[in-house]
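*Asks:* This is the structure I have questions about; it appears just below.
The values are calculated or read from the model by the stated rules, or taken from the named source; none is laboratory data. All figures in this text were calculated on a predicted structure; none of them were measured in a lab. As a convention, Cβ positions derive from the backbone with ideal geometry for all residues, glycine included, and neighbour counts pool all protein chains shown.
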Amino acid sequence: MKALRWRHSFPFGALSERILSEYLRHASKRYLRLEPYAAGFMPPPRPGREYMLYAHVPFCEQLCPYCSFNRFPFSEYRARPYFKLLRQEMHMAAELGYNFRAMYIGGGTPTVLAGELAATIDLARQLFDIREVSTETNPNHLIPTVIEQLVGRVQRLSVGVQSFDDGLLKQMQRYQKYGSGQEILARLEGVQGKFPSLNVDMIFNFPSQTEAMLRRDLELVQETGADQVTFYPLMVAPSLQRSLAQTLGKVPRGREARFYYLVSDTLAGAYEPVSAWTFARKTGGMIDEYIVDYEEYLGIGSGAFSYLDGTLYVNTFSLRDYQQALTSGRMSVSAAHHFSLREQMRYRFMMGLFGLRLDKRRFAADFGMSVEEGLWKEVSFMRAAGAFATDNDEEFTLTRRGRYLLVAMMREFFIGVNSVRDQARAALPLEERQLLFNVADACGLETARAG
């Protein structure tokens with residue numbers, strides 16, 4: 001019966017997805033262009049607004065071929081002083097007057113030095129009214145020496161698994177470092193119940209992934225007992241497409257919708273969707289895309305993003321420049337882009353629907369016009385595509401097809417964001433580009449020895 005439903009809904013859905021993807025691909029080239037930002041500090045907070053703190057830890061023990069986040073090969077002499085600088089930048093945010101209810105720590109792999117991470121979380125709780133902390137990690141860190149440092153400090157632990165299939169893990173160059181699918185499963189089962197929320201990050205639509213492989217991933221991820229499961233479509237920055245094609249193959253877009261519906265329908269019995277691609281056993285708490293619940297956020301650390309009052313700010317991707325900024329008493333922000341009113345409306349529209357509900361009344365109060373007036377083309381397209389389950393004076397909610405369209409929309413949005421990262425990475429000094437691409441660690445990056 002499900003297969004029959006796919007055949008009837010897929011052709012129009014595929015056409016809608018292609019139109020949407022092309023539109024967003026071209027739009028992102030226009031509005032995600034960075035300009036230098038030389039002020040040295042973030043703007044102060046606006047009274048009455050709620051903010052989230054994002055901290056970026058750009059170190060990984062294994063660099064995955066599909067990842068475009070700011071990351072460098074881990075070594076302790078680079079990472080330990082970096083955490084000290086990160087805490088210094090946190091003090092600067094407090095001095096500007098910021099307060100935060102939540103903290104999200106991403107990377108990279110934030111748990112490369114669990115003691116430093118714990119000290120960073122402890123300082124955040126001293127400086128701000130932090131109620132919940134979410135951090136990312138990898139399967140090889142699901143060990144007592146790391147977990148003991150996180151229990152009680154972290155409310156949501158998000159583990160990057162990507163797949164339990166040994167063949168795919170080898171293609172992703174993760175098998176040797178993180179273990180087999182069965183080893184990863186055992187480690188996940190070992191941390192069950194230790195955190196209020198355990199999230200497992202998965203990826204679907206790998207070039208060599210079959211439907212049977214995806215079904216097996218779905219079976220095993222439910223065996224973990226995870227409170228949340230996040231299934232991302234494979235998203236590749238333009239700069240990585242050629243290298244990814246050599247390691248994993250060309251991304252097959254034609255079956256993405258079918259694989260998404262398989263994920264969504266299979267998880268439906270045990271999990272509820274809390275965003276277009278995150279599914280939870282219980283509602284409430286943070287999800288991976290924190291920008292759904294916290295529209296405005298301040299980022300600290302090399303490669304972190306901030307979104308404040310309609311402006312995107314990007315911190316330097318260079319470890320050397322990050323150290324120089326902090327030791328000279330400045331924050332690490334180096335570039336920015338201010339969104340027009342219409343771009344801000346589109347951003348709210350997308351993030352609201354990605355979180356499965358757009359509050360029309362709040363939209364009108366914030367922008368001075370209804371969503372139908374401000375974004376009549378976007379609303380008309382989504383209505384014609386059958387995206388809305390609820391469409392009244394108060395809200396839009398999504399149908400099953402609508403959730404997939406938001407997956408496609410967010411895929412293109414994040415590919416656009418990856419292009420922003422490529423712009424920032426292009427400014428890296430030669431020795432850091434060599435380090436990033438494992439050509440040589442020629443100068444030893446004295447960044448890490450200072451501080």
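*Asks:* Of the residues in segment 134-178, how many are in contact with a Phe, Trp or Tyr (Cβ under 8 Å, 6 or more places away or on another chain), surrounded by fewer than 22 Cβ atoms within 10 Å (Cβ to Cβ) and under 30 Å from Tyr98 (Cα atoms)?
*Replies:* Residues meeting the conditions: 2.
*Asks:* Give Thr137, Thr120, Thr109 a once-over and let me know the one that is under 15 Å from Arg80 (Cβ atoms), of a type in the set (Val, Ile, Thr) and at pLDDT 95 or above. Talk me through it step by step, then tell me what you get.
*Replies:* Working: Thr137 fails: under 15 Å from Arg80 (Cβ atoms); Thr109 fails: at pLDDT 95 or above.
The match here is Thr120.
Quick grid of which residues meet (1) among the small types (Gly, Ala, Ser); (2) modelled with pLDDT of 95 or more; (3) surrounded by fewer than 16 Cβ atoms within 10 Å (Cβ to Cβ); (4) more than 27 Å from the chain's Cα centre (by Cα):
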residue	(1), (2), (3), (4)
Ser318	yes, no, no, no
Leu326	no, yes, no, no
Leu358	no, yes, no, no
Phe363	no, yes, no, no
Leu375	no, yes, no, no
Ala384	yes, no, yes, yes
Ala387	yes, yes, no, no
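*Asks:* Looking at Lys84 and the list (1) under 28 Å from Gly416 (Cα atoms); (2) among the charged types (D, E, K, R); (3) modelled with pLDDT of 95 or more, which single condition is not satisfied?
*Replies:* Of everything listed in (1) under 28 Å from Gly416 (Cα atoms); (2) among the charged types (D, E, K, R); (3) modelled with pLDDT of 95 or more, Lys84 misses just condition (1).
*Asks:* Still on this structure, I have one more. When you go through Leu85, Leu185, Leu117, Leu123 one by one, which is the residue that is touching a helix residue (DSSP H, G or I) at 6+ places or on another chain (Cβ under 6 Å), without any contact (Cβ under 8 Å) to a residue 60 or more places away in the chain and closer than 30 Å to Ala325 by Cα? Show your work before the answer.
*Replies:* On the way: Leu85 fails: without any contact (Cβ under 8 Å) to a residue 60 or more places away in the chain; Leu185 fails: closer than 30 Å to Ala325 by Cα; Leu117 fails: without any contact (Cβ under 8 Å) to a residue 60 or more places away in the chain.
Going through Leu85, Leu185, Leu117, Leu123 in turn, just one is touching a helix residue (DSSP H, G or I) at 6+ places or on another chain (Cβ under 6 Å), without any contact (Cβ under 8 Å) to a residue 60 or more places away in the chain and closer than 30 Å to Ala325 by Cα: Leu123.
*Asks:* Mind checking which residues of segment 80-123 are over 21 Å from the mean Cα position of the chain (by Cα), closer than 23 Å to Tyr307 by Cα and small (Gly, Ala, Ser)?
*Replies:* Ala93, Ala94, Gly97
*Asks:* Does any residue in segment 362-377 that is in the same structural domain as Phe396 (by TED's automatic domain parsing) and of a type outside the set (D, E, K, R) come within less than 7 Å, Cβ to Cβ, of a residue that is part of a loop (DSSP other than H, G, I, E, B) and surrounded by 13 or more Cβ atoms within 10 Å (Cβ to Cβ) six or more places away or on a different chain, and which pairs are these?
*Replies:* That search, which allows pairs on different chains as well, returns Ala364/Ser370.
*Asks:* In addition: In segment 365-405, what residues are in contact with a helix residue (DSSP H, G or I) (Cβ under 7 Å, 6 or more places away or on another chain) and closer than 17 Å to Glu343 by Cα?
*Replies:* Phe367, Ser370, Val371, Glu372, Gly374, Leu375, Glu378, Val379
Yes/no matrix, rows are residues, columns are (1) among the basic types (Lys, Arg); (2) farther than 30 Å from Glu412 by Cβ:
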residue: Glu76; (1), (2): no, yes
residue: Arg80; (1), (2): yes, yes
residue: His91; (1), (2): no, yes
residue: Gly97; (1), (2): no, yes
residue: Ala102; (1), (2): no, no
residue: Gly108; (1), (2): no, no
residue: Ala124; (1), (2): no, yes
residue: Asp129; (1), (2): no, yes
residue: Ser134; (1), (2): no, no
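*Asks:* Quick check on this structure: which one of Ile121, Ile130 is farther than 30 Å from Arg215 by Cβ, in the same structural domain as Arg49 (by TED's automatic domain parsing) and not in a helix (DSSP H, G or I)? Reasoning before the result, please.
*Replies:* Details: Ile121 fails: not in a helix (DSSP H, G or I).
None of the others qualify; the one that does is Ile130.
*Asks:* Might you let me know whether segment 65-80 holds any residue that is modelled with pLDDT under 65, part of a helix (DSSP H, G or I), in contact with a helix residue (DSSP H, G or I) (Cβ under 6 Å, 6 or more places away or on another chain) and not acidic (Asp, Glu)?
*Replies:* Among the residues of segment 65-80, not one is modelled with pLDDT under 65, part of a helix (DSSP H, G or I), in contact with a helix residue (DSSP H, G or I) (Cβ under 6 Å, 6 or more places away or on another chain) and not acidic (Asp, Glu), which makes the answer no.
*Asks:* What number of residues within segment 81-118 are part of a loop (DSSP other than H, G, I, E, B) and basic (Lys, Arg)? Steps first, answer last, please.
*Replies:* So the first thing to find is which residues in segment 81-118 are part of a loop (DSSP other than H, G, I, E, B), and the list is 96-101, 108-109.
Okay, now just the ones that are also basic (Lys, Arg), so 101.
The qualifying residues number 1.
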